[in-house]
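The values are calculated or read from the model by the stated rules, or taken from the named source; none is laboratory data. No experiment lies behind these values; they were computed from the predicted model shown. Here the Cβ positions follow ideal geometry from the backbone for every residue, glycine too, while neighbour counts run over all protein chains shown. We work out accessible area using only protein heavy atoms, side chains counted, and drop any ligands, DNA or RNA first. Shrake-Rupley method; radii C 1.70, N 1.55, O 1.52, S 1.80 Å.
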Amino acid sequence: MIHYIKRGKSKAVKAELDARVRATVEAILADVEARGDAAVREYSEKFDQWAPESFRLSEAEIRACIDSLPAGTLEDIRFAQAQIRRFAQIQRNSMHDVEVETLPGVVLGHRNIPVNSVGCYIPGGKYPLIASAHMSVLTAKVAGVKRVIACAPPFQGRPCPEIVAAMHLAGADEIYCLGGVQAVAAMALGTGSIPAVDMLVGPGNAYVAEAKRQLFGRVGIDLLAGPTETLVICDDSVDAELVAVDLMGQAEHGPTSPAYCITTSRKIADELPEAIERVRARLPSASVLEVSWRDYGEIILCDTDGEALQEAERLCSEHVQVMTRDPDWYLRNMTCYGALFLGHRTNVSYGDKVIGTNHTLPTQGAGRYTGGLWVGKFIKTHTYQRVLTDEASVMIGEYCSRLCGYEQLSGHKEQADIRVRRLKAA
């Protein structure tokens, strides 16, 4: 039997909050589309108290940011980027163009073509999320994108040196100190100073995610990466403190970040609330954690792994950490999630920052139909065909003519018929 020991906010409350976000974002996007740079500047000043002469950083400004950092910091950034680049290149190498003669004289194929231009959003207003630059800019460059621009908000009243360094080392062609919906709108819609891109990628808060949702269609997007979600599935092979640390480690992203525990251990279910409080009290982000756990934390006690799997699939969490005696059972059986972290030796933070997989992942149940960001998201697979002989064209044309006739599409039918008549005569 499944026991819901602690529940988060109801769907109705969440829906009301979502409606407010939608209305706010819609107004900002319309204003940026109408007034361009002037609107972007006003929103940046309003929300970030930031309105420099130019939002785009010059080469000198970029170099100053990099030079301000200790050598050890730059080395750590380079190490992380090396891991992400290595795995992204392996993924890219797995994608092949194809061409095959499917019938005598009939050749079909596809080409994998990178998107021409991409705008990467790197969150950095509350926390300087350096890793998001690796995950978006670097991955786009490995995919072969020609123009990659990157936006991040000011941090403590100035461009964040670590984020700027990460953007630059990842290969960004243009770097802007600009955040929020106004940054996403500027990249997607274009302004006088920022040419529009073909695709938007990167995580963000609920407002950024909603902006991407509303802009989808005008531009491509990677996915709707809203507030971070984390799920720990555990049995009594681990202790409550480790579970609490892994839940709180992701809940600190923000006050609307869900943190779920599904456990088959009554002991952990009983001990976890107190362990959460102990862990929370020792972290500087305690005030954020208090709200996120109170409003969005859940503890679910299950009798069996089968029940735990059922609940995990229902939640379809962005991050799923499995700390059980047989974590590979979940790897074999789970189908709905963003990314899996298997066993007690790894954790979501490794994936977020350095291990090599991409941390931009589906949230809000999107793992039911999409995976996370990877080089393939920047690749368009386009098909082509050629017919080499008259005989092949006549053969395909006669089938096509009859099939078009069944559908009563006379124009389509004539495209086939004219070739059949001419090539038979030849």
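Points to keep in mind about this one:
- Filtering the stretch 358-387 to residues that are open to solvent by 60 Å² or more (accessible area, probe 1.4 Å) and modelled with pLDDT of 95 or more leaves Arg368, Tyr369, Trp374, Lys380, Thr381, His382, Thr383, Tyr384, Gln385, Arg386, Val387.
- Listed by first and then second residue, the pairs linking a residue in the stretch 414-426 that is part of a helix (DSSP H, G or I) to a residue that is of a type in the set (Val, Ile, Thr), with Cβ atoms under 6 Å apart and 6 or more places separating them unless they lie on different chains, are Val420/Val394; Leu423/Val394; Lys424/Val394.
- Residue match in the stretch 396-409 (condition: closer than 30 Å to Thr139 by Cβ and touching a strand residue (DSSP E or B) at 6+ places or on another chain (Cβ under 9 Å)): no
- Selection of the stretch 281-312 for residues being among the charged types (D, E, K, R), in contact (Cβ under 8 Å) with a residue 24 or more places away in the chain and surrounded by 14 or more Cβ atoms within 10 Å (Cβ to Cβ) yields Asp295, Glu298, Asp305, Glu307, Glu311.
- Screening Val394, Val354 for residues that are touching a residue at least 24 places away in the same chain (Cβ under 8 Å), within 23 Å of the chain's Cα centre (by Cα) and open to solvent by less than 70 Å² (accessible area, probe 1.4 Å) leaves exactly one candidate, Val354.
- Any hit, the stretch 103-119, residues being touching a helix residue (DSSP H, G or I) at 6+ places or on another chain (Cβ under 6 Å), open to solvent by 10 Å² or more (accessible area, probe 1.4 Å) and of a type in the set (S, T, N, Q): no
Quick grid of which residues meet (1) open to solvent by less than 10 Å² (accessible area, probe 1.4 Å); (2) within 16 Å of Gly365 (Cα to Cα); (3) out of contact with any Gly (no Cβ under 6 Å at 6 or more places or on another chain):
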site: Ala206; (1), (2), (3): no, yes, no
site: Pro227; (1), (2), (3): no, yes, no
site: Cys234; (1), (2), (3): yes, no, yes
site: Ser237; (1), (2), (3): no, no, yes
site: Ala251; (1), (2), (3): yes, no, yes
site: Tyr260; (1), (2), (3): no, yes, yes
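- Among the residues of this structure, Val181 does not count as one that is in contact with a strand residue (DSSP E or B) (Cβ under 8 Å, 6 or more places away or on another chain), within 21 Å of Ala225 (Cα to Cα), at pLDDT 95 or above and aliphatic (A, V, I, L, M).
- Candidates in the stretch 210-263 are the residues that are among the polar types (S, T, N, Q) and within 20 Å of Thr346 (Cα to Cα); of these, the one that is modelled with the lowest pLDDT is Thr228.
- Any chance Glu271 is under 23 Å from Glu318 (Cα atoms) and crowded, with 16+ Cβ neighbours inside 10 Å: no
- Exactly one residue among Arg345, Arg325 is open to solvent by 70 Å² or more (accessible area, probe 1.4 Å), touching a residue at least 12 places away in the same chain (Cβ under 8 Å) and either under 29 Å from Ala80 (Cβ atoms) or basic (Lys, Arg) (or both), and that residue is Arg325.
- Residues that are small (Gly, Ala, Ser), touching a strand residue (DSSP E or B) at 6+ places or on another chain (Cβ under 7 Å) and surrounded by 11 or more Cβ atoms within 10 Å (Cβ to Cβ) do not occur anywhere in the stretch 16-32.
- The number of residues in the stretch 140-154 being in contact with a helix residue (DSSP H, G or I) (Cβ under 9 Å, 6 or more places away or on another chain) and surrounded by fewer than 21 Cβ atoms within 10 Å (Cβ to Cβ) comes to 2.
- Residues within the stretch 164-181 that are assigned to a helix (DSSP H, G or I) and more than 19 Å from the chain's Cα centre (by Cα), tallied: 4
- Within the stretch 186-200, residues that are in the same structural domain as Lys146 (by the TED database) reach partners that are among the acidic types (Asp, Glu) and at pLDDT 95 or above with beta carbons closer than 7 Å, at six or more positions or on different chains, in the pairs Leu189/Glu33; Thr191/Asp37; Gly192/Asp37; Ser193/Asp37.
- Strands (runs of 3 or more DSSP E) fully within the stretch 239-344 counting 1 or more residues that are charged (D, E, K, R): 297-301
- Taken as a whole, the stretch 156-174 holds no residue that is modelled with pLDDT of 95 or more, in contact with a Phe, Trp or Tyr (Cβ under 8 Å, 6 or more places away or on another chain) and surrounded by fewer than 23 Cβ atoms within 10 Å (Cβ to Cβ).
- Selection of the stretch 402-426 for residues being touching a Ser or Thr at 6+ places or on another chain (Cβ under 7 Å) and not aliphatic (A, V, I, L, M) yields Lys413, Asp417, Arg419.
- When Gln214 is tested against the conditions (1) crowded, with 24+ Cβ neighbours inside 10 Å; (2) out of contact with any strand residue (DSSP E or B) (no Cβ under 8 Å at 6 or more places or on another chain); (3) touching a residue at least 40 places away in the same chain (Cβ under 8 Å); (4) not hydroxyl-bearing (Ser, Thr, Tyr), the lone failure is (1).
- Under the condition of being within 14 Å of the chain's Cα centre (by Cα) and closer than 15 Å to Met187 by Cα, the residues counted in the stretch 122-151 number 4.
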